[in-house]
Amino acid sequence: MEKLILYNTLTRKKELFVPIHKDHVGMYVCGPTVYGHAHLGHARPAITFDLLFRYLLHIGYKVRYVRNITDVGHLVNDEDEGEDKVAKKAKVEELEPMEIVQIYTNSYRKNMSQLNVLPPSIEPVASGHIIEQIEAIKKIIGSGFAYEKNGSVYFDVEAYALKHAYGILSGRKIEDLYTNTRDLDGQSEKKSGLDFALWKSAQPEHIMRWPSPWGSGFPGWHTECTAMSTKYLGETFDIHGGGLDLLFPHHEAEVAQGMACFGHSTVNYWIHNNMITINGQKMGKSLGNFIQLDEFFNGTHPLLEKAYHPMTIRFFILQAHYRSPLDFSNEALQAAEKGFERLMNAMALLPGLKTATESTIDVEKLRNDCYEALNDDLNSSILIATLFDGSRMINAVNDGKATVTALDLTKLQQLFSDMVNDVLGLKSQDSSMNAGGNELFGQMVELLLSLRQEAKMKKDWATSDQIRDRLIALGFEIKDTKEGADWKLKN
RNA sequence: GGUCGGUUGGCCGAGUGGCUAGGCAGCGGUCUGCAAAACCGUGUACGGCGGUUCGAAUCCGCCAUCGACCUCCA
């Protein structure tokens, strides 16, 4: 088994990954709150942990990957008087909250599939685990770290901090938290501004409500992840992932809740992806500067110069290391698009390469470099650079400037298939036929191109150029190769 | 204000105490009837000022600058 090193936010160090159970990995990642379409920011954690999931599978682990859907309990901010995000959206769109949840869950899954993100092993929803959350809250109350007030239950951070370290994950000191939150605290029912809700009493008009020992209400946002992760992965599991923006308070609360429920920590490796920025600022719903994934795919957002294929988005994200911020721009995206094409072009040459009795290229070193990059905290950036080195080798063999043995070629093909398709999850962009999926349409274009070929044979350049230029004017891309002309629709 | 993290060539983006990251663009070339596409070649950059060192962009200090987080029923 490969020696995988991962950066653990908890220790702020790169650590050798050792799972609790040999050959098995349990991984939990915070999924979306489904009250709107997924945007570019959502793609980053999804792709980051998809890469981790894929690599763990590739090196032989059996992985149980749990990614939740938050459909209740995530409150909007102060300005909206703490409405539930889903409930608020439901009001705006005049739909049942569960219709909102369904619409955006479907949309999210569609986008993830377009990005070639593998579905997780289990995708639990918060509203489907109310009983588990109530049980968890009871345990926390039993351990003395929560209190009930007017039908709501709050986590008692002060009481907890007397026995455990509150803030170990996010690196916050509790004294600092006090000075920073005190003035926000009015005549709240909370004992302290640091306390967070485990269960909220519901107002009569609130639709999403469930009975509980403390009255009718709904769970707090942080509770679902503790309840669902430990339900499916056990009281202690290997990996918990999510965006860096969730580090505090969400994940810190999870650490405390887990400790309060079980008396020990529940997560061994905390892994966080960095944010995608737009003009240097975090892209997010709360800032209103986000671009939806669908808008990227069809090019409709005013900030976009053109439509971008899902694989371009995926490649763009994978070209940066997951712990670095990544800045969006049309220029960067188009560079990614070109680079990705270059990689795919080289890969397409592999099956047709001629073999020789000797290799002048070092496939073994290339292979080692790939694994070294992945093992070093999933350095997809280095991996991709290494694959570009491989592309140059492939092109050199294709041009007759280098040679490869049959055995090495098999290894090289395997390596590219493993790294590009399986681990990075990249696949060739659908070509020509995708323009409506109409076979007849494709045949008509082929017909025109064969007429052009005939004209070329007769050196009738006027006709052949006219066919080419008019097709280009209609939005086609025509590429002449040794085997004939290729075409596709420009996007 | 507090905590943490950035600042790399025209753009994106890795990495490192001394050895070419990579991609895109640009430039030059190969191929081609022309073009496009493709392929090949090409750039010695690391915010500023000090310090440590034989040697720093990489370590330390200060400064500048940018960003993330600092929670809900307020």
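The values are calculated or read from the model by the stated rules, or taken from the named source; none is laboratory data. Because the structure is a prediction, the values reported are computed rather than measured. Cβ coordinates were reconstructed from backbone atoms using ideal geometry, including for glycine residues, and neighbour counts include every protein chain displayed. All accessible areas refer to the heavy atoms of the entire protein, side chains included, with ligands and DNA or RNA removed. Shrake-Rupley method; radii C 1.70, N 1.55, O 1.52, S 1.80 Å.
Structure above, values below:
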| quantity | calculated |
| --- | --- |
| Taking chain A and dividing mean pair separation by its residue count, relative contact order in percent (alpha carbons under 8 Å, at least six apart) | 16 percent |
| Beta bridges by DSSP in segment A:1-133, antiparallel share as percent, to the nearest 5 | 40 percent |
| Under 21 Å from A:K282, Cα to Cα: lysines that are on another chain or at least 8 residues apart | A:K85 |
| Amide hydrogen neighbours beyond the local backbone of A:M275, cut-off 5 Å, H modeled | A:L326 |
| Three-way shape label, chain A, alpha-carbon gyration tensor, a/c 1.5 | prolate |
| Charged-residue dipole, Cβ positions (Lys, Arg, Asp, Glu), chain A about Cα centre, Debye nearest 20 | 840 debye |
| For A:A146, residues with placed amide H under 5 Å, excluding near neighbours | A:D156 |
| Loop GluC sites (Glu not before Pro), segment A:238-308 (other Cβ atoms within 10 Å of the site Cβ: 15 or fewer; DSSP) | A:E305 |
| Contact order normalised by residue count of segment A:343-446, Cα under 8 Å, 6+ apart, percent | 35 percent |
| Relative contact order (%) - segment A:69-178, alpha-carbon pairs under 8 angstrom, separation at least six | 16 percent |
| Order by protection proxy (mean Cβ within 10 Å, highest first), peptides A:165-177, A:269-281 | A:269-281, A:165-177 |
| Sequence-distant residues sharing a close amide H with A:G241 (under 5 Å, placed H) | A:Y28, A:V29, A:C30, A:I271 |
| Integer Hz, Karplus 6.51/-1.76/1.60 couplings in order for segment A:84-93, x for Gly and Pro | 6, 4, 5, 4, 5, 4, 4, 5, 4, 8 |
| Coil-residue GluC sites (Glu not before Pro) of segment A:335-432, DSSP, other Cβ within 10 Å capped at 16 | A:E358 |
| For segment A:348-355, 3J(HN,Hα) per residue [Karplus equation, 6.51 cos²θ - 1.76 cosθ + 1.60, θ = phi - 60°, Hz, x = Gly/Pro] | 5, 6, 3, x, x, 5, 7, 9 |
| Shape call, segment A:350-446: gyration tensor on alpha carbons, a/c limit 1.5 | oblate |
| Packing rank of A:101-107, A:210-216, A:440-446, where each peptide gets the mean count of other beta carbons within 10 Å, highest leading | A:101-107, A:210-216, A:440-446 |
| DSSP beta bridges in chain A [antiparallel fraction, %, rounded to 5] | 55 percent |
| Rounded if a/c under 1.5, otherwise prolate or oblate - segment A:1-126, Cα gyration tensor axes | prolate |
| 1.4 Å probe accessible area per residue over chain A, in Å² | 47 Å² |
| Hz values of 3J(HN,Hα) by residue in segment A:258-269 - Karplus curve (6.51, -1.76, 1.60), Gly and Pro given as x | x, 4, 5, 6, 10, x, 8, 6, 9, 10, 8, 10 |
| Furthest towards positive pole of dipole, A:P213, A:G41, A:V157, structure part chain A, Cβ charges | A:G41 |
